[in-house]
Structure formats: structure tokens, C-alpha cells
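These notes are about the structure you will find just below.
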Amino acid sequence: MKTMELLGISYTSEESAESDIGNVLVSIVFLSLIVSMLNTVTFLSSNWRKEIIAAAEYKTKAAESQQLVTQSELHALRLQLDTHFVFNNLSVLSELILKDQQLGFEYSENFAKVYRYLLINAKKQVITLNDEINFLKSYLFLLENRMGKGVEFRVGIQETQLHLHLPPITLQLLVENAIKHNRIDKESPLLIKIYTDQADQLIVENDIKPLLKKPVSSGVGLENIVKRYEILSDRIPQIEQTEKSFIVKIPLLK
């Protein structure tokens, strides 16, 4: 019985030792899994951070690239506008000098003021409505001396909106567009209204007096304004036409 007991005791001790070894092995495997898991998490976390940083750098470079493209497009549009503006007014000046030297002198002074304004604001993407209205006053002087009573202007701008912005020389292009595409008649003047509304829009509205012969267009005008707004804002000018009126609504930017 003792032998059996001894044998029994010996057997029980061996089983206990094997159990302890098994527990150790399980613990080692468990710890290995934990270490492996931590290493995996660290690796994935590190790669994730790298991907985030890389994505951020890519977005920054893309934004910088887009900014350069935008600046280039704006510069090209300004050059196009400058050429159009200069040649148009030099033509007018030549005509006036032949008719009246004094009037031509006054016209040249106002033209110098207008062009100086253009040069000062050439590098600006937008200007205030107040600056644009002041520019318009000088420009209308040039037009009124050329057109006489053939064109009537009515300007109604809310003072509370003078601090808002728009691309420079927008009003000059719109007024010129109205005059170019309509008949000028002293007996029945072309009415051009310039005003703002409650939706922070600058509105240029003119009567429709079709010309018998369609004028040659340089392709600037309205297209130039629309392109500039496509670059600067998600608000695009609206163009409407009725039987009697042609209306352009220009968003004023904050």
C-alpha cells in the first residue's frame, strides 16, 4: 500500500510539475502575444501618423500649387483687361482732341486719373465698392463728354454696403458692355441704372436698344467678370434679360 501510495505520491508530484511547466509556457505565449500586439499597434500607429503627415503635406503643396495657378490666371485676366481698357480710351481721346482741344485736355486728365487707379489696384484681387464707385465717377465723366445726352446714368448705392468687395474695374466693363451693344440716341437716351439690393448684390441694368449691326467684340466684358468670380468665389454673377432690359447681378464679397 505504501508503494502504491508512494507511487501515487510520486505520480501526483510529477503531474503538478508538468502543470506548472504548462502554466509557464502558457504565460510565455500570452506575454509574447501581448508584446507582439503592442509592437503591431506601435507599427500601425507610426505608419498611420506618417500617412496623416504625408497627406497633410500633400494638401499643403496642392493648396500652394492652386494658389499659384489662381494668381497666374488673375494676372492673365488683368493683362487682358488692361489692354482692352487702354486701347478703348485712347481711341476716344483721339476723337475728342480733333473736336475740342480743351475738352480733350480735360478728358486726358480724367483718363490719367482712371488709369492711375487701374495701376494702383492691378495687384489686388478685390477692392471695396466705395473705391469702385469713386473710379466710376471719373469714368462716367469720360463717357458723358463723349456721349452727351445719348446716355443717362442713375446710381443708387446703399452706404451700408460700400465696405463690401468686388473685382476691380467690374463697373467699367459692365457700363461699356451696355453702351457697346445698344443704340445711342439723344432723343431717347440709353438708361443705365447702377444700384445695390438687400442680397448684397451690385446690379447694373440697362434698356435694350438693339443695334442694326452687331458690334465686333474683343471677348472681354462679361466673360472676364465671370472668370474672375469663378476664381475668387463660389458666388457667380447672374445675367438676366427681359424684353426691355438687360440685367447683370454682381455678388458683393465680404
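The values are calculated or read from the model by the stated rules, or taken from the named source; none is laboratory data. All values reported here derive from a predicted model rather than from experimental measurement. Positions of Cβ are generated from backbone atoms using ideal geometry, with glycine treated the same way; all protein chains shown enter the neighbour counts. For the accessible areas, the whole protein counts, side chains as well, though only heavy atoms, and no ligand, DNA or RNA atoms are used. Shrake-Rupley method; radii C 1.70, N 1.55, O 1.52, S 1.80 Å.
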Inset, instruction - Provide the per-residue ³J(HN,Hα) series for the range 157-162, in order, calculated from phi with Karplus coefficients 6.51, -1.76, 1.60 and θ = phi - 60°, each as a whole number of Hz, with x at glycine and proline positions. - result: 10, 6, 4, 5, 10, 5
Legend entry - Nonlocal amide H pairs with LEU253, under 5 Å, H built at 1.01 Å: HIS165, LEU166
Inset, instruction - For the pairs LYS99/LYS149; LYS180/LYS254; LYS113/LYS186; LYS137/LYS254, note any where the Cα-Cα span goes beyond 20 Å. - result: LYS180/LYS254; LYS113/LYS186; LYS137/LYS254
Inset, instruction - Can you sort LYS149, LYS124 by 1.4 Å-probe accessible area, starting with the largest? - result: LYS149, LYS124
Inset, instruction - Could you run the Karplus curve 6.51 cos²θ - 1.76 cosθ + 1.60 with θ = phi - 60° over the range 231-240 and give me ³J(HN,Hα) per residue in whole Hz, x for Gly and Pro? - result: 7, 8, 7, 8, 9, 10, x, 10, 10, 10
Legend entry - In Å², nearest 10: area of LYS137 left accessible to a 1.4 Å probe: 130 Å²
Inset, instruction - Grab the other residues whose beta carbon is less than 11 angstrom from that of LEU171, score K and R as +1, D and E as -1, and report the net. - result: -2
Legend entry - the range 102-161, accessible surface, carbon-and-sulfur percent (1.4 angstrom probe): 50 percent
Inset, instruction - Could you please report the charge total around PRO251, scoring K, R as +1 and D, E as -1 over all other residues with beta-carbon less than 13 angstrom from its beta-carbon? - result: 0
